[in-house]
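Peer 1: Take a look at this one; I'll ask things after.
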Number of protein chains: 2
Amino acid sequence: MLTSSQRQLLRVISESGPLSRTEMANILGLSKGAMSGLARDLLDRGVLHETETIYGQGRPSIRLDLHPECAFFVGVSLLEDPAPMILGDLNGGIIARCAMPLSRDPEVIANAIAEGLPALLGSRPDAKEKLSGIGVALSGFVDETQANCVKSTLLGWQDVPLARIIRERTGIETFIENDAKAVAVSEKLFGSAREVQNFSVVSLGDGIGCAHFIEGRLYRGNHGGAGEIAHCTIEPGGAPCRCGKRGCLDTVASMKAIKEMSRAEGLECTSLSDIEHQASAGNAAAIRILHRAGSALGLAIAHLIQMNDPGLILITHLEGSFDGLFGTVVQQAVEMNVLPRYAGQTPIRIKRVDSDIWARGAASIAAHNFLIGPNVN
Amino acid sequence: MLTSSQRQLLRVISESGPLSRTEMANILGLSKGAMSGLARDLLDRGVLHETETIYGQGRPSIRLDLHPECAFFVGVSLLEDPAPMILGDLNGGIIARCAMPLSRDPEVIANAIAEGLPALLGSRPDAKEKLSGIGVALSGFVDETQANCVKSTLLGWQDVPLARIIRERTGIETFIENDAKAVAVSEKLFGSAREVQNFSVVSLGDGIGCAHFIEGRLYRGNHGGAGEIAHCTIEPGGAPCRCGKRGCLDTVASMKAIKEMSRAEGLECTSLSDIEHQASAGNAAAIRILHRAGSALGLAIAHLIQMNDPGLILITHLEGSFDGLFGTVVQQAVEMNVLPRYAGQTPIRIKRVDSDIWARGAASIAAHNFLIGPNVN
DNA sequence: GTTGATTTGTTCATTTTCTGAACTTAGTGT
DNA sequence: ACACTAAGTTCAGAAAATGAACAAATCAAC
């Protein structure tokens, strides 16, 4: 459908925001003539549109941007029950939402998605014809074609061709992705990592997820396991983890672990804020727990920086704030455990997200495949 | 000089070994017609040559391979004094060698290289005209153009445009690279990681170096610091490191650290084998030291696996063997600290190397730029 | 042997994509 | 009003790939 140059062009715009034809030609290393043709084609198709006019010396330049409503995407998160389902645009905006019951049966999921589609698409007359893909986020390992779930403990799956099943049921292009990797793609396309080529997202939810972008592309690893930071051994010989080993980051720094440790100490705790409150009130146990969790997470992030030297670490969290003890300890632990000459060189951005994060991430997987294609060369 | 398709073709051959035109066309996704032209051009230039003929049904296919003597490269290691200098071919073979005095003055280094060239090139009549590049390996950070040394503590450099200085003095294309990264490139081009797209090399020398290949390309990181595994905090609160923090892997698992710990315990120790011997004789201190070092290195490698899920870990070592206690503990520690479902999934290859490793790595940097070009798209 | 099947590799007209130079357009500065 | 400047367009031609027809070199079967 789109030529490889057109895809590169869309990638550049999605990274840099609106650009004039001449700027794009320079970035892509093409002649103005070639750009002219590419841009006209994409304008005609409605993928691009002209935005502001920049006046300077000479003929004014016209910035071109992605037309946010040229395509719509459905995102489904299989991480919650009921499973949220959203209709999103090319800006990461959410146009409509609904929910479906979670199931472990791929056929049932495909049916539920198919049945949910009309409700989602009903909100806009043009959404149906412009629906360009479905993305599904799940907890587990996904292969590089973004079609098969190699393994999901949560869903009890092994080698499930979920994308094909949904595609056959709905007739819409479908791609699946691991939850943390979907969030990373979402941040690359829509979020605060747009222009960064090398970054890692650490997503703090009940568990700890992580995914890397390297040289502008999602890095999946050889078995799809890149970013499994949650099961780095951070406290050798520490508490047993559900994965079978001991002292994993997950056992100390996940929200679930923090809550469990708090309860074990007899602290009232339904959210991170609760313990933060008690810590700031001087409760020794709360302080100890947050210190331990923060140091562990900070150490793991420091390892990540040492190993991969990313240009940005983006920490997304659902609960509480990073202004409290936990966040402070994390940042201190990072600084203390990276090469001193690196300290402060790797920006760490904290981002509070809402519960749409997974469904939006899922939609971004479909958007990414629409814009940039499955495998860039 | 070479078109982008020709470079891709050379890359594929260097990864997979000799291939027929039809096989290459399939791998590159080109038509047989296009391949025919590309191959003829490279054969005419002497970059490729025909090797074996494979008989089967139908017309036999003729495998094409890189012509090892179509180009020569000089590699210089600035890691030792005197600095070794070799003449290498496209197979990683060493054709001639000499040495030059090490200096901290880039101009002096450039002069020494220029003066050493005739001796190296004298051994072959065709070497002079076919000399295609100089590679220099050094301890420090190098920018992505492989031209400037951003920082080298060992050489006392900051932003030294060494490649340009050598190029101006010798008239030969020159590229510089960090020592560990040069070794990784060498293993990718000539060694045991040819066909692997994602791998990490851990090189054990006096210090511990590490470099990653990701999606078939050297990954340098945002500040050139990817792979700085030596300064991961492995023993929080441990011994002070020369980098300024405490408990770095370097302080427990480098050969230098092992020797120092041994001497501190009053053990005779000039090489790893010495301590291995004493450990196998039952010396408690030796066993403790090797256990500590091996566990630390294994844990760091486990972190690496968890973070990046490489398809191969290649450990290169100059001294001793990996059959002893140290190697065993390393491998055990890796297995113990990766997700159980991953255990054994990431091959760990051990390779004993000789002291040519750095100079050969340096030459491979030049070879890589000749074959594949500076920045593949 | 001869014939047919089979697969590799070449040739060449055509198509696709990009270049580069000339040109048009739409402004600013004096 | 006039030159000046830079953005974007047009178009002939170059570069690179396609795809189909063809030549070449073998095996297998009779």
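Peer 1: Tell me, how many Å apart are the Cα centres for segment A:261-327 and for segment B:163-206?
Peer 2: For segment A:261-327 versus segment B:163-206, the Cα centre distance is 41 Å.
Peer 1: Considering only B:LEU272, B:LEU154, B:CYS243, whose Cα is most displaced toward the positive end of the charge dipole of the protein assembly as shown, charges sitting on Cβ of Lys, Arg (+1) and Asp, Glu (-1)?
Peer 2: B:LEU154
Peer 1: Can you give the helix-only mean residue ellipticity at 222 nm for chain B, where every DSSP H stretch with n ≥ 4 adds -39500 (n - 2.57) and the sum goes over all residues, rounded to the nearest 500 deg cm²/dmol?
Peer 2: Computed mean residue ellipticity for chain B: -12500 deg cm²/dmol.
Peer 1: Rounded to the nearest 10 degrees, what's the angle between the helix A:32-45 long axis and the longest principal axis of chain A, both from Cα atoms, 0 to 90?
Peer 2: 80 degrees
Peer 1: Using a 10 Å cut-off on Cβ to Cβ distances, tally the other chain neighbours for every residue of B:334-346 and report the average as a whole number.
Peer 2: Mean shielding by partner chains, rounded to a whole number: 4.
Peer 1: Applying 1/(1 + (r/R0)^6) with R0 = 30 Å to the Cβ-Cβ distance of A:ILE94 and A:ARG288, what FRET efficiency is obtained, to the nearest 0.05?
Peer 2: 0.15
Peer 1: Relative to the Cα centre, what is the charge dipole magnitude of the protein assembly as shown, using +1 at the beta carbon of each Lys and Arg, -1 at the beta carbon of each Asp and Glu, and rounding to the nearest 20 debye?
Peer 2: Here the protein assembly as shown has a charge dipole of around 620 debye.
Peer 1: Expressed in nm to one decimal, what extension gain is obtained for the pair A:SER5 and A:THR145 from 0.36 nm per residue of sequence separation less their Cα-Cα distance?
Peer 2: 48.2 nm
Peer 1: Once amide H atoms are built 1.01 Å from N in the peptide plane, which residues 5 or more positions from A:THR51, or in another chain, come under 5 Å H to H?
Peer 2: A:ARG63, A:LEU64, A:ASP65
Peer 1: When only Cα pairs under 8 Å and 6 or more residues apart are kept, what is the percent relative contact order across segment A:270-377?
Peer 2: Relative contact order for segment A:270-377 comes out at 30 percent.
Peer 1: Can you bin segment A:273-332 into rounded, prolate or oblate? Criterion: square roots of the alpha carbon gyration tensor eigenvalues sorted a ≥ b ≥ c, rounded for a/c under 1.5, prolate for a/b above b/c, oblate for the rest.
Peer 2: On the way: a/c = 3.43, a/b = 1.98, b/c = 1.74.
Cα axes put segment A:273-332 in the prolate bin.
Peer 1: Please determine, in degrees from 0 to 90 and to the nearest 10, the orientation of helix A:284-308 with respect to the longest principal axis defined by the Cα atoms of chain A, where the helix direction is its Cα long axis.
Peer 2: It is inclined by approximately 40 degrees.
Peer 1: Return the average number of partner chain Cβ atoms within 10 angstrom of each residue Cβ along peptide B:216-229.
Peer 2: Counting other chains' Cβ atoms within 10 Å and averaging over B:216-229 gives 6.
Peer 1: Continuing with the same structure: Expressed as an acute angle from 0 to 90° and rounded to the nearest 10, what is the orientation of the C-alpha long axis of helix A:357-371 relative to the principal long axis of chain A?
Peer 2: Helix A:357-371 and the main axis of chain A meet at about 30 degrees.
Peer 1: At each listed q (0.06, 0.14 Å⁻¹), what is the log10 of I(q)/I(0) that the Debye formula gives for chain A modelled as equal alpha-carbon point scatterers?
Peer 2: -0.25, -1.19
Peer 1: Further question: Based on the mean of other Cβ atoms within 10 Å per residue, sort peptides A:146-155, B:150-159 so the most packed one is first.
Peer 2: Working: A:146-155: 18.7, B:150-159: 14.9.
Top of the packing list down: A:146-155, B:150-159.
Peer 1: Assigning unit charges at the beta carbon (Lys, Arg +1; Asp, Glu -1) and nothing else, what dipole magnitude in debye, to the nearest 20, does chain B show about its Cα centre? All intermediate terms of the calculation are to be shown ahead of the outcome.
Peer 2: On the way: 35 positive and 41 negative charges, 130 e Å.
Roughly 620 debye for chain B.
Peer 1: A further question follows. Determine the relative contact order of chain B: mean sequence separation of Cα pairs under 8 Å and six or more apart, normalised by residue count, in whole percent. Working shown, then result.
Peer 2: On the way: 757 pairs, mean separation 61.1, N = 377.
Relative contact order comes out at 16 percent.
Peer 1: Still on this structure, please answer the following. At a 1.4 Å probe, what is the % contribution of carbon and sulfur to the accessible area of segment A:4-66?
Peer 2: The computed percentage sits at 45.
Peer 1: Among the lysines, select those whose C-alpha is under 25 Å from the C-alpha of B:LYS256, and discard any that sit fewer than 8 residues away in the same chain.
Peer 2: The qualifying lysines are B:LYS151, B:LYS181, B:LYS245, B:LYS351.
Peer 1: Work out the mean other chain Cβ neighbour count within 10 Å for the residues of B:59-72 and drop it here as an integer. Show your work: numbers first, answer last.
Peer 2: Numbers: counts 0, 0, 0, 0, 0, 0, 0, 0, 0, 0, 0, 0, 0, 0.
Per residue, the number of nearby Cβ atoms from other chains is 0 on average.
Peer 1: Around A:LEU371, with a cut-off of 9 angstrom between Cβ atoms, what is the net charge of the other residues, counting Lys and Arg +1 and Asp and Glu -1? Write down the numbers at each step before the final one.
Peer 2: Values: positive: A:ARG7, A:ARG11; negative: none.
Summing Lys/Arg as +1 and Asp/Glu as -1 gives +2.
Peer 1: Please list, in order along segment B:256-266, the HN-Hα scalar couplings obtained from phi with the Karplus expression 6.51 cos²θ - 1.76 cosθ + 1.60 (θ = phi - 60°), rounded to whole Hz, x for Gly and Pro.
Peer 2: The phi angles translate into 4, 5, 4, 5, 5, 4, 5, 4, 4, 8, x Hz.
Peer 1: Can you compute 3J(HN,Hα) from phi for each residue in segment B:12-19, using the Karplus curve 6.51 cos²θ - 1.76 cosθ + 1.60 with θ = phi - 60°, rounded to whole Hz and x for Gly and Pro?
Peer 2: Ordered by residue, 3J(HN,Hα) equals 4, 5, 5, 7, 9, x, x, 9 Hz.
Peer 1: Could you pull out every one of the aspartates and glutamates with an alpha carbon less than 17 Å from that of A:LYS188, ignoring same-chain neighbours closer than 8 positions?
Peer 2: Within reach: A:GLU15, A:ASP65, A:ASP89, A:GLU177, A:ASP179, A:GLU215, A:ASP356.
The values are calculated or read from the model by the stated rules, or taken from the named source; none is laboratory data. The shown structure was predicted, so the numbers you read here are calculated from the model rather than taken from an experiment. Cβ: placed from backbone, ideal geometry, glycine included. Neighbour counts: every protein chain shown. Just the protein is used for accessible areas: all its heavy atoms, side chains included, with ligands, DNA and RNA removed. Shrake-Rupley method; radii C 1.70, N 1.55, O 1.52, S 1.80 Å.
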